[in-house]
Structures are given as C-alpha cells and as structure tokens.
Amino acid sequence: MRLIILGPPGSGKGTQSTRLVEKYGIVQLSTGDMLRAAVKEETEVGLKAKDVMGRGELVSDDIMVSIISDRVEKPDCKNGFVLDGFPRNIAQAEALEKLMDEKELNLDSVIELEVDETILQDRIESRKEQSTDVRSDDNVETLKNRLEVYRAQTAPLTKYYDERNKLRRVNGMQDVDQVTKQIDDILSDL
Ligand code: AMP
C-alpha cells in the first residue's frame with residue numbers, strides 16, 4: 001500500500017500516519033522528521049534547511065525529491081509507505097509521479113484531512129503546551145507562515161490528485177478515532 005496523507009499543519013497527519021503504519025505494516029516517510037534529524041546532525045542538507053524551516057518556508061524541491069527518491073528504494077519500503085509532508089507543491093507531485101513511474105511503483109490513494117483554520121491554531125497551541133520537546137519551528141509567526149505556504153502551494157495538490165482520481169477527503173475535525181475509522185473504510189474499498 002502506497003499512500004499520501006495531505007493536510008495543513010496540525011491536521012493530525014502524523015497521528016493518522018502512525019496508525020496506518022501499525023495497521024498495514026508500511027513505513028511512515030515524514031519529510032519534516034527527516035529534515036529535523038538532518039538539522040540536528042548538522043548534515044549538508046540540515047545546514048541548508050535550518051533557516052528555511054525556521055521561517056516556515058519550503059526547502060528546495062531538488063533536495064526534497066532526491067531525499068524521497070532514495071528513501072523509497074530502501075528495503076523497509078517494500079510493503080509500502082505513507083508519505084507525510086511530501087509532496088508539498090505541484091512540482092514535487094510531478095517529480096513524485098515521474099519517479100514512481102520509473103520505479104514501477106503504484107500510488108494507491110491520497111487522503112486529505114480537511115480541517116478548519118481556527119481549529120488548527122487551537123490544536124497547535126495545545127500541542128505546544130503538552131509537548132516537553134517544543135519544536136523550534138512552532139512559534140506563532142512560523143505557524144502563520146506555514147499555513148500561508150500550505151494555502152498557496154500545497155492546497156492545489158487536492159485538485160491535482162482529484163483529477164487523477166486518487167483523492168479521498170476525510171473530515172479531520174472529527175475525533176481521532178473517527179478519522180481513523182473513515183480512513184480504514186476508504187482503504188478497505190481500494
Ligand atoms: P512538517 O513537519 O511536515 O510540517 O515540516 C516542517 C518543515 O520542514 C516545513 O515547514 C518545511 O520547511 C520543511 N519541509 C518538510 N517537508 C517538506 C517538503 N516536502 N518540501 C519542502 N519543505 C519541506
């Protein structure tokens with residue numbers, strides 16, 4: 001099973017991805033997690049990404065596409081994966097389509113978590129309060145920027161995948177278990 005989970009920051013992509021990993025034995029490929037690890041380890045990519053992430057902007061497509069292209073080749077991706085945080089714009093989506101074609105990998109579905117913006121702000125605020133490991137990119141200005149970037153660059157992906165008959169929408173404002181249930185229903189119909 002190969003999936004993309006799409007939704008604005010704070011929509012619950014991470015939580016739902018984790019559940020998909022447990023249920024289907026696939027791996028979660030979170031580009032945000034990969035970049036945060038690279039920043040921490042001060043790799044070449046990490047050094048390039050650090051300030052961009054701090055501003056809530058997007059790291060270059062070349063870097064991201066190359067990371068994903070290498071990552072999907074790894075043996076643990078054999079059963080499939082859920083892409084969480086990639087693609088982030090149309091150029092990345094096109095590059096992903098091309099590389100999956102070349103590797104003869106099929107994309108099963110794109111799940112969009114639809115969430116109201118005011119709810120997102122509340123969720124991110126409460127995540128900050130609960131978390132002991134506060135993410136440095138989670139300050140208010142960065143969050144605003146990330147939402148704007150989402151609206152401008154990532155949201156158009158819903159149309160892109162809808163036109164390819166891959167998009168399935170889920171109401172992300174329900175409670176977490178209900179969201180999981182709806183995703184399960186969608187995937188069992190595939
Ligand atoms: P996330 O945890 O997915 O919200 O990602 C955190 C930050 O990492 C984003 O605000 C971007 O700066 C960067 N990032 C993550 N994934 C991508 C991507 N696919 N393309 C560009 N930048 C990304």
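The values are calculated or read from the model by the stated rules, or taken from the named source; none is laboratory data. Only a predicted model underlies this, so the values are computations on that prediction, with no experimental measurement involved. Ideal geometry is used to build each Cβ from the backbone, glycine not excepted, and the neighbour counts take in all protein chains shown. What goes into the accessible areas is simple: the full protein's heavy atoms, side chains included, and nothing from ligands, DNA or RNA. Shrake-Rupley method; radii C 1.70, N 1.55, O 1.52, S 1.80 Å.
Name the residues in region 106-121 that are farther than 20 Å from residue 186 by Cα and open to solvent by 10 Å² or more (accessible area, probe 1.4 Å), would you?
First pass over region 106-121, keeping only residues farther than 20 Å from residue 186 by Cα: 116-121.
Once the filter is applied, which keeps residues that are farther than 20 Å from residue 186 by Cα and open to solvent by 10 Å² or more (accessible area, probe 1.4 Å), region 106-121 yields 116, 117, 118, 119, 121.
Restricting the search to region 1-17, which residues are open to solvent by 40 Å² or more (accessible area, probe 1.4 Å) and either over 23 Å from residue 73 (Cβ atoms) or among the charged types (D, E, K, R) (or both)? So that I can check it myself, show each step before the final result.
Start the filter on region 1-17 by keeping residues that are open to solvent by 40 Å² or more (accessible area, probe 1.4 Å), which leaves 1-2, 15.
2, 15 - these are the residues of region 1-17 that are open to solvent by 40 Å² or more (accessible area, probe 1.4 Å) and either over 23 Å from residue 73 (Cβ atoms) or among the charged types (D, E, K, R) (or both).
Would you call residue 30 modelled with pLDDT of 95 or more, open to solvent by less than 30 Å² (accessible area, probe 1.4 Å), closer than 18 Å to residue 107 by Cα and near the ligand (Cβ under 9 Å from one of its atoms)?
Here the answer is yes, as residue 30 does meet what is asked.
Scan region 55-66 and report the pairs whose first residue is over 15 Å from residue 29 (Cβ atoms) and whose second residue is part of a loop (DSSP other than H, G, I, E, B) and near the ligand (Cβ under 6 Å from one of its atoms), with Cβ atoms within less than 7 Å and a gap of 6+ or a chain change.
58/88
Kindly indicate the residue of region 181-190 that is closer than 16 Å to residue 18 by Cβ and in contact (Cβ under 8 Å) with a residue 60 or more places away in the chain and also surrounded by the most Cβ atoms within 10 Å (Cβ to Cβ) among those meeting that condition.
In this case the residue turns out to be 183.
Only one residue in 56, 14, 10 is in a loop (DSSP other than H, G, I, E, B) and in contact with an Asp or Glu (Cβ under 7 Å, 6 or more places away or on another chain). Which one?
Answer to the selection: 56.
Among the residues of region 74-85, which ones are assigned to a helix (DSSP H, G or I) and either β-branched (Val, Ile, Thr) or open to solvent by 40 Å² or more (accessible area, probe 1.4 Å) (or both)?
Pass one, region 74-85, residues assigned to a helix (DSSP H, G or I): 75-77.
Of everything in region 74-85, those that are assigned to a helix (DSSP H, G or I) and either β-branched (Val, Ile, Thr) or open to solvent by 40 Å² or more (accessible area, probe 1.4 Å) (or both) turn out to be 75, 76.
Given the criteria at pLDDT below 95 and in a loop (DSSP other than H, G, I, E, B), does residue 190 qualify?
Here the answer is yes, as residue 190 does meet what is asked.
Do we have any residue at all in region 19-26 that's within 10 Å of the ligand (Cβ to nearest atom) and either under 30 Å from residue 185 (Cβ atoms) or assigned to a helix (DSSP H, G or I) (or both)?
No: region 19-26 contains no residue that is within 10 Å of the ligand (Cβ to nearest atom) and either under 30 Å from residue 185 (Cβ atoms) or assigned to a helix (DSSP H, G or I) (or both).
Which ones in region 58-73 are within 11 Å of the ligand (Cβ to nearest atom), surrounded by 15 or more Cβ atoms within 10 Å (Cβ to Cβ) and among the charged types (D, E, K, R)?
Scanning region 58-73 gives a single hit, 61.
When you go through 178, 174 one by one, which is the residue that is over 12 Å from residue 5 (Cβ atoms), away from the ligand (no atom under 16 Å from the Cβ) and open to solvent by less than 50 Å² (accessible area, probe 1.4 Å)?
Values: 178 fails: open to solvent by less than 50 Å² (accessible area, probe 1.4 Å).
Exactly one residue qualifies, and that residue is 174.
For a quick check of your reading of the model, give me the residue pairs whose first member lies in region 156-171 and is open to solvent by 70 Å² or more (accessible area, probe 1.4 Å), whose second is outside any strand (DSSP E or B), with beta-carbon atoms closer than 7 Å and at least 6 apart or on different chains.
168/186
Confirm whether residue 38 is open to solvent by 30 Å² or more (accessible area, probe 1.4 Å), assigned to a helix (DSSP H, G or I), within 11 Å of the ligand (Cβ to nearest atom) and small (Gly, Ala, Ser).
Answer is no for this residue.
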